[in-house]
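Working notes for the structure below.
The values are calculated or read from the model by the stated rules, or taken from the named source; none is laboratory data. Here the structure is a predicted model, which is why all the values come from computation and not from measurement. No Cβ is skipped: glycine too gets one built from the backbone with ideal geometry, and neighbour counts run over all protein chains shown. Only protein heavy atoms, including side chains, enter the accessible area calculation; ligands, DNA and RNA are left aside. Shrake-Rupley method; radii C 1.70, N 1.55, O 1.52, S 1.80 Å.
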Amino acid sequence: MKKLHIKKGDTVYVNAGNDKGKTGKVLSVIPAEDRAVVEGVNMVKKHTKPNANQPQGGIVEQEAPIHISNLNLIDPVSGKATRVGVKMDGEKKVRYAKKSGEEIK
């Protein structure tokens, strides 16, 4: 299984594409495709059949996956986009922001 620099729950900045400049929370990560679903980013319209939840059916707007290379983590200190590094903290691997050196929870 691949190791990615972004995890579910992280706040990310979109650095490329139609939604460049937007920020959002990662809802899910798809490691096999190197993609992530980010809240409010890469919105697409999906046509749905009538079902129990939507008796009328219709057009629903939802987030589509975006490639991980187009995302940067938000630095917890400065609030700007940063790269992610990994260092050892005793026996444990810890992610940290390259810009500030701050540990990412």
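Sort THR11, THR82 by heavy-atom solvent-accessible area, probe 1.4 angstrom, most to least.
THR11, THR82
If amide hydrogens are placed 1.01 Å from N in the peptide plane, which non-local residues have theirs closer than 5 Å to the one on GLY24?
Answer set, sorted by chain and number: VAL12.
So what J values fall out for segment 25-31 if you push phi through Karplus, 6.51 cos²θ - 1.76 cosθ + 1.60 with θ = phi - 60°, rounded to Hz, Gly and Pro as x?
Result, ordered by residue: 8, 6, 8, 7, 10, 10, x Hz.
Give me D for segment 1-43 in µm² s⁻¹, whole number, from Stokes-Einstein with Rh from the Kirkwood sum over alpha-carbon pairs, 10 °C and 1.306 mPa s.
Approximately 149 µm²/s, per Stokes-Einstein.
Given charges of +1 on the Cβ of Lys and Arg and -1 on the Cβ of Asp and Glu, with all other atoms neutral, how large is the dipole of the chain about its Cα centre, in debye to the nearest 20?
Result for the chain is approximately 180 debye, rounded to the nearest 20.
Show the residues, 5+ positions off or on another chain, whose built amide H is closer than 5 Å to the amide H of VAL38.
LEU27, ILE66
I need two numbers for the chain: Rg to one decimal and Dmax as a whole number, Cα atoms only, in Å.
For the chain, the Cα radius of gyration and maximum Cα-Cα distance read 16.6, 56 Å.
Using a probe radius of 1.4 Å on heavy atoms only, what accessible surface per residue do you get for segment 34-99? Whole Å² is fine.
On a per-residue basis, segment 34-99 sits at 68 Å².
Using a 1.4 angstrom probe and counting only protein chains, how large is the accessible area of GLU39 in Å², to 10?
100 Å²
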